[in-house]
Amino acid sequence: MHELTELLGRYGLLLVFANVLLTQAGIPLPAVPILVVAGALAAQGEFSYTALLLTAVGAALLGDIPWFFAGRRYGHRVLRTLCRIAIEPDSCVKQTESIFERWGAPALLFAKYIPGFATVAPPLAGAMRLGFQPFVLFSAVGALLWVALPVALGAVFHAEIEWALERLADLGSGALLLIGGLVLVYAGIKAAERYMFLRMLRTARVSVAELREMLQDESPPVVVDVRSATVRRLDPRHIPGAIPVNLDDAAAALPGIPPDRDVVVYCS
């Protein structure tokens, strides 16, 4: 931690720019701690608040714009790729789609405060054919709101932050090992939960070939498409005869299904 303070004091805005840019580009690096420390250093006169905010917002936009054009060109495939590498990929797709479907472009204003949505929001905006100028405007304001809070916290509590950094520096490598250990434990728990969940689902899944045979029976199953409306617009392909259903209103959308009919559900 002491080394972090020295680096910020020496390289300042360049380090902030690089950290925020890599974070917004999808690299799993935490940007908030550096922004808090940078805010504390700005309060001590190392650099101006205006330069700090402009540097961080510019870096965020440079990280978001390539993802925006990737989403516009490759559509939903980009979102699925990003969600596969997320810590909670099963909730990533559904969460990001539902947020953007509900709020539209203004969702970019608070996207960076939502884990998982921060990286997926720019390509999702591109896939939904949001105009480039509105995207830049909403993203810039959202980045400013995201950057301003940790910078303000660092400025207000700069004395306390300096004290905390000194205490962590006294711990030496032990502090880094503790933080790294907690991150690994959390990632391990999530990986185990995902493995158990997928293992349970395997017993209830059918293959494409099996479903095709089932649909040719005299009493075919009812096929339910629970993908979000956003995904159905981005990828209009569907299983023939499938019933599109909103999960929030599934009971009202599926009346009168005979109890002896199988139901096959598919999603993103």
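Quick note: the coordinates plus some simple rules give every number you see, no bench work behind them. Please read these numbers as outputs of a predicted model, since none were measured by experiment. Counting neighbours? That spans all protein chains shown, and the Cβs are built from the backbone with ideal geometry, glycine included.
Can you check how the C-alpha radius of gyration of the stretch 214-266 compares to 2.2 N^0.38 Å, as a plain ratio? Please list the in-between numbers first.
Details: Rg = 11.8 Å, N = 53, 2.2 N^0.38 = 9.9 Å.
It is 1.18.
5 Å is the cut-off here: which amide hydrogens, built 1.01 Å from N in the peptide plane, fall below it relative to V265, excluding neighbours closer than 5 in sequence?
V224
Please list 3J(HN,Hα) in residue order for the stretch 55-64, calculated via the Karplus relation 6.51 cos²θ - 1.76 cosθ + 1.60 where θ = phi - 60°; whole Hz, with x for glycine and proline.
Once rounded to whole Hz, the list reads 5, 5, 5, x, 5, 4, 5, 5, x, 7.
Could you work out how much longer the chain between D248 and L29 gets when fully extended? Use 0.36 nm per residue separation minus the Cα distance between them, nm to one decimal.
75.4 nm
Using the Karplus curve 6.51 cos²θ - 1.76 cosθ + 1.60 with θ = phi - 60°, work out ³J(HN,Hα) for each residue of the stretch 129-139 in order, rounded to whole Hz, and write x for Gly and Pro.
6, 5, x, 5, 5, x, 4, 4, 5, 5, 5
Tell me the label-point distance for the pair E101, L14, using the 7 Å Cα-to-Cβ offset, in nm and rounded to one decimal.
About 4.7 nm, to one decimal.
Could you rank the peptides 136-148, 39-51, 236-248 by their average count of other C-beta atoms within 10 Å per residue, with the highest value first?
Those peptides, ordered most packed to least, come out 136-148, 39-51, 236-248.
How far, in nm, would the chain grow between R261 and R77 when pulled straight, counting 0.36 nm per residue and subtracting the alpha carbon separation?
62.9 nm
Points 7 angstrom from Cα along the Cβ direction at R205 and Y49: gap in nanometres?
In this crude label model, R205 to Y49 measures out at 5.2 nm.
Could you run the Karplus curve 6.51 cos²θ - 1.76 cosθ + 1.60 with θ = phi - 60° over the stretch 219-224 and give me ³J(HN,Hα) per residue in whole Hz, x for Gly and Pro?
Going residue by residue, I get 10, x, x, 8, 9, 10 Hz, with x marking Gly and Pro.
Which length gain, in nm to one decimal place, applies between S219 and L182 when the Cα-Cα distance is subtracted from 0.36 nm times their residue separation?
8.1 nm
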